[in-house]
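Asker: Quick one: this structure, given as structure tokens, is what I'll be asking you about.
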Amino acid sequence: MTTSTPTRPTAATAAYALTGRSLRISSRQPDVLITALMLPVMLMLIFVYFFGGAIDTGTSYVTYVVPGAMLLCAGFGAASTAVSVATDMKEGVIDRLRSLDIGGVPIVAGHVAASVLRNLVSTGLVLAVALAIGFRPQASPSGYLAAAALLVAYITAISWLAATLGLLAGTPEAAGGFTFLMMFLPYPSSAFVPIDTMPGWLHGFADHQPLTPVIESLRALLLARPAGDAPWTALAWCAGIGLVSVALSAVVFERRTR
């Protein structure tokens, strides 16, 4: 009698399977999913209809605010990724996956890929509502492609950062707290008001924090305006955040699952 030896899944196969697992879990939590999808839309509507009339941006406020709303949406989505990773750590799911000889990178990559897909759906919803209330992008086909590529790069970078924070956190509650900064960062940037309307002491941070070049690039690409070097600065931030997060997650994963 012969016995078959279990075949170790490849990293790509494991990441694909774990992406599906994360998406199935999301579909079974409709309250969390609806909150993640609707909250950015509600915030955009609040800014447009409650505050937009009092803010002079040199254009219609919905035109100005949509890029920032898309990044705000990505921040909320990334926060749920950190909580999911921390939950898996706390409930021993990652230990069980490790017993199947699945490495750390596929496990984290599965969470990140699911986060990117969820964020793209919620960003599409924000964009659809924005179009319904008056947002009129004027980009060329290449402009749309560049904007989409930059948005995917940003979402991927902060999703991997969120997964790393989830590994660092001791509990899902702590993971949610760790991601507060990602949800707060759009506010001291050019997302909702021009930076020159902010107090002078805040200009240096608002001008040079990671989100401002991403927002300015999306605004320029979608509205067919000169973007200057903002897209390159934005891509440099995304690459830096992503590479540091990948390296840090590998170190933290190894220490937490030793």
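The values are calculated or read from the model by the stated rules, or taken from the named source; none is laboratory data. The structure presented is a predicted model; accordingly, all values stated were derived computationally and were not measured. Keep in mind that these areas ignore ligands, DNA and RNA; they rest on the heavy atoms of the full protein, side chains included. Shrake-Rupley method; radii C 1.70, N 1.55, O 1.52, S 1.80 Å.
Asker: Classify the chain as rounded, prolate or oblate from the Cα gyration tensor: take a ≥ b ≥ c as the square roots of its eigenvalues, call it rounded if a/c is under 1.5, otherwise prolate when a/b beats b/c and oblate if not.
Answerer: The shape class here is prolate.
Asker: Which residue, 64, 154, 49, has the most motion in a Gaussian network model of the chain that connects Cα atoms within less than 10 Å?
Answerer: Fluctuation is largest for 49.
Asker: I've got another one for you. Relative contact order for the chain: what is it in percent, counting Cα pairs under 8 Å that are at least 6 residues apart?
Answerer: Relative CO of the chain lands at 26 percent.
Asker: Here's something else I'd like to know. List the relative contact order of the stretch 168-255 as a percent without decimals, with contacts defined as Cα pairs under 8 Å and 6+ residues apart.
Answerer: Answer for the stretch 168-255 is 20 percent.
Asker: Quick check: Cα centre of the stretch 80-124 to Cα centre of the stretch 127-141, how many Å?
Answerer: Value for the Cα centre distance between the two parts: 32 Å.
Asker: Here's another thing I want to ask about it. Extension gain residue 257-residue 121, at 0.36 nm per residue separation less the Cα-Cα distance, in nm?
Answerer: Separation in residues times 0.36 nm, less the Cα-Cα distance, equals 45.7 nm.
Asker: Let me ask you something else. Using the heavy atoms of the protein chains alone and a 1.4 angstrom probe, what is the accessible area of the chain per residue in square angstrom?
Answerer: Ligands and nucleic acids excluded, the figure is 49 Å² per residue.
Asker: Further, regarding this structure: Please report, as a whole percent, how much of the solvent-accessible surface of the stretch 108-247 comes from carbon and sulfur atoms (probe radius 1.4 Å).
Answerer: Answer for the stretch 108-247: carbon and sulfur cover 76 percent of the accessible area.
Asker: Here's a follow-up. Quote the relative contact order of the stretch 107-258 in percent (integer), defining contacts as alpha-carbon pairs under 8 Å separated by 6+ residues.
Answerer: 32
Asker: Next question, about the same structure. What helices does the chain have that are whole DSSP H segments, at least 27 Å long along their own axis by Cα, and with mean Kyte-Doolittle hydropathy of -0.5 or more?
Answerer: Result, helices passing both filters: 61-90, 104-132, 141-168, 230-256.
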